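Undergrad: Here's a structure for you.
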Ligand code: DX5
Ligand code: ZN
């Protein structure tokens, strides 16, 4: 059976009580933790860097997925790996040598992902899929939590899934990020997504209850 991974995005957590919220994610059965790294340049928002990733690492057993929304990500890969990242995604729009950076990430023995904004042609994913462990299809324009899901994601996800199947690249997982709630997660999974990121959908309200609802919705797909 297909394994679907639930990945709370700490962007919507309570930063004054991060450890408490992380423990609730563990208790609720989250599979991974998603950390949004924003530089105020690639996206119009600034979050945090490796120091916070390192602190998070100390209080959880969950694997950490660092979503780098920064320009020149290749300069910071080593820092995020030293801080404890288990997965790193880079945006194909943020730098020149996509293939080289993906190989750089993999050379440390962690999982490499390529992220695509909603308006970026899927060809970027096709050309680089064999160098990826996962491909992140954004379902909002990156930069902020709490935005509405862009429906074209569903078509794009189905197309990418078909491509990966035809090419024998079924091991490459599809990650979706932005506007995912318990109310729409089922269609997102049906379209082929394997790694489900959710910020406000998990942290607004009761974290454990929200995670339970997510899991309930994707049972038996
Ligand atoms: C947005 C970030 C997301 C964000 C998602 O740029 O990449 O990870 O936290 O938040 P929601 O799930 O609230 O749309
Ligand atoms: Zn993200």
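What follows is calculated from the coordinates using simple rules that are stated; it is not laboratory data. All values reported here derive from a predicted model rather than from experimental measurement. Cβ sites come from the backbone with ideal geometry, for glycine too, and all protein chains shown count toward neighbours.
Undergrad: Any idea which residue in region 1-32 is surrounded by the most Cβ atoms within 10 Å (Cβ to Cβ), counting only those that are more than 21 Å from residue 111 (Cβ to Cβ) and within 15 Å of ligand 2 (Cβ to nearest atom)?
TA: Among residues in region 1-32 that are more than 21 Å from residue 111 (Cβ to Cβ) and within 15 Å of ligand 2 (Cβ to nearest atom), the one surrounded by the most Cβ atoms within 10 Å (Cβ to Cβ) is 13.
Undergrad: To continue, here is another question. Give the residues of region 125-163 that are outside any loop (DSSP other than H, G, I, E, B) and touching a helix residue (DSSP H, G or I) at 6+ places or on another chain (Cβ under 7 Å), sorted by residue number. Let's see the steps before the verdict.
TA: Pass one, region 125-163, residues outside any loop (DSSP other than H, G, I, E, B): 125-131, 134-138, 152-163.
Within region 125-163, 125, 126, 128, 129, 131, 135, 137, 154, 160, 163 meet the criteria.
Undergrad: A further question on this structure: For region 196-208, what are the residues that are outside any helix (DSSP H, G or I), within 12 Å of ligand 1 (Cβ to nearest atom) and surrounded by fewer than 24 Cβ atoms within 10 Å (Cβ to Cβ)?
TA: Going residue by residue through region 196-208, those that are outside any helix (DSSP H, G or I) are 196-199, 204-206.
Those still in the list that are within 12 Å of ligand 1 (Cβ to nearest atom) too: 196-199, 204.
204, the sole residue that qualifies.
Undergrad: Here's something else I'd like to know. Among 43, 51, which is more than 21 Å from residue 173 (Cβ to Cβ) and in contact with a strand residue (DSSP E or B) (Cβ under 7 Å, 6 or more places away or on another chain)? Let's see the steps before the verdict.
TA: Details: 51 fails: in contact with a strand residue (DSSP E or B) (Cβ under 7 Å, 6 or more places away or on another chain).
43 is the lone residue from the list that is more than 21 Å from residue 173 (Cβ to Cβ) and in contact with a strand residue (DSSP E or B) (Cβ under 7 Å, 6 or more places away or on another chain).
Undergrad: Any idea how many residues of region 33-67 are over 22 Å from residue 106 (Cα atoms), within 16 Å of ligand 1 (Cβ to nearest atom) and free of Cβ contacts under 8 Å to residues at least 40 places away in the same chain?
TA: Here the count works out to 7.
Conditions tested, residue by residue: (1) more than 15 Å from the chain's Cα centre (by Cα); (2) surrounded by fewer than 19 Cβ atoms within 10 Å (Cβ to Cβ); (3) over 23 Å from residue 198 (Cβ atoms).
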site	(1), (2), (3)
113	no, no, no
118	no, yes, no
127	yes, yes, yes
134	no, no, no
139	no, no, no
142	no, no, no
145	no, no, no
148	yes, yes, no
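Undergrad: Answer yes or no as to whether residue 216 is exposed (fewer than 15 other Cβ atoms within 10 Å of the Cβ) and either farther than 21 Å from residue 35 by Cα or within 16 Å of ligand 2 (Cβ to nearest atom) (or both).
TA: Spelling it out, residue 216 is indeed exposed (fewer than 15 other Cβ atoms within 10 Å of the Cβ) and either farther than 21 Å from residue 35 by Cα or within 16 Å of ligand 2 (Cβ to nearest atom) (or both).
Undergrad: If residue 211 meets every condition in (1) away from ligand 2 (no atom under 16 Å from the Cβ); (2) out of contact with any strand residue (DSSP E or B) (no Cβ under 8 Å at 6 or more places or on another chain); (3) closer than 18 Å to residue 26 by Cα; (4) part of a helix (DSSP H, G or I) apart from one, which number is that one?
TA: Condition not satisfied by residue 211: (2).
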